[in-house]
1. Name every residue in region 101-115 that is within 21 Å of Lys55 (Cα to Cα) and either of a type in the set (A, V, I, L, M) or more than 15 Å from the ligand (Cβ to nearest atom) (or both), in order of residue number.
2. Considering region 35-56 alone, what residues qualify as being out of contact with any strand residue (DSSP E or B) (no Cβ under 9 Å at 6 or more places or on another chain) and assigned to a loop (DSSP other than H, G, I, E, B)?
3. In region 94-117, what count of residues is obtained for those that are closer than 30 Å to Gly167 by Cβ and either assigned to a loop (DSSP other than H, G, I, E, B) or not aliphatic (A, V, I, L, M) (or both)?
4. So Val85 ticks every box in (1) in contact with a His (Cβ under 8 Å, 6 or more places away or on another chain); (2) surrounded by 14 or more Cβ atoms within 10 Å (Cβ to Cβ) but one. Which box is left unticked?
5. What are the residues in region 125-167 that are closer than 19 Å to Lys110 by Cα and within 12 Å of the chain's Cα centre (by Cα), if any?
6. Taking the stated definitions as given, is Leu59 more than 16 Å from the ligand (Cβ to nearest atom) and in a helix (DSSP H, G or I)?
7. Any idea how many residues of region 123-141 are touching a residue at least 24 places away in the same chain (Cβ under 8 Å) and assigned to a loop (DSSP other than H, G, I, E, B)?
8. Within region 142-163, which residues are assigned to a helix (DSSP H, G or I) and either surrounded by fewer than 18 Cβ atoms within 10 Å (Cβ to Cβ) or more than 16 Å from the ligand (Cβ to nearest atom) (or both)?
Amino acid sequence: MLIIFKGETQGLKVAPRWPSSKVLIEKNVFLKLLEVQSKLPSSVKLLLVRGYENKSSRLGVFRHISRWLGIKLFCTCYPSRKSEVGDIFGSNGHDVDGSHVDVSIVLNGKRLRLLPLGVFTSLSLQQSRAEEHLAVIEYVKGTLEQCGFIIHHNQTESMQIHCDFNG
Ligand SMILES: [Zn+2]
């Protein structure tokens, strides 16, 4: 397992999701992300945001509490989307090992904010945000898939590009 801090490591940009200051990731997954990056045009950069998070660490406990609050808020905002709670608020493997990662896209030096309100961004706002950069987003996701990553099936998770490395 590699520990990567905010900044750039071997050409891969890293911006750990608050309140974390580092991303833990399996070495082979890191190398795969470098391969994905090498296949992208120079105007497009991957941004690694989240990897392995130990359940019993302070960060894990923080995530657990924010998840609990988040579920309450989400169900209040979107009562018809309760079936998505597991997909959106589940740990999606982040507490299992470092082969489950979230990545973002930086286009011409600017991070694409596809979820301005995080997972509380409505599906229609997500879609209109994505429309503007659809070609880039599809290209990045396609390249990730070519390199052995599986993109999460839930729309919101797919917007924060949660993917699992499947070798
Ligand atoms: Zn994730």
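1. Val101, Val103
2. Selection gives Lys39, Pro41, Ser42, Lys55, Ser56.
3. So the answer is 13.
4. Among (1) in contact with a His (Cβ under 8 Å, 6 or more places away or on another chain); (2) surrounded by 14 or more Cβ atoms within 10 Å (Cβ to Cβ), Val85 violates only (1).
5. Of everything in region 125-167, those that are closer than 19 Å to Lys110 by Cα and within 12 Å of the chain's Cα centre (by Cα) turn out to be Lys141, Met159, Gln160, Ile161.
6. The answer is no for Leu59.
7. The total comes to 1.
8. Those that are assigned to a helix (DSSP H, G or I) and either surrounded by fewer than 18 Cβ atoms within 10 Å (Cβ to Cβ) or more than 16 Å from the ligand (Cβ to nearest atom) (or both): Gly142, Thr143, Glu145, Gln146, Gln155.
The values are calculated or read from the model by the stated rules, or taken from the named source; none is laboratory data. This is a predicted model, so every value here is computed, not measured. Every residue, glycine among them, receives a Cβ derived from its backbone with ideal geometry; neighbour counts consider all protein chains shown.
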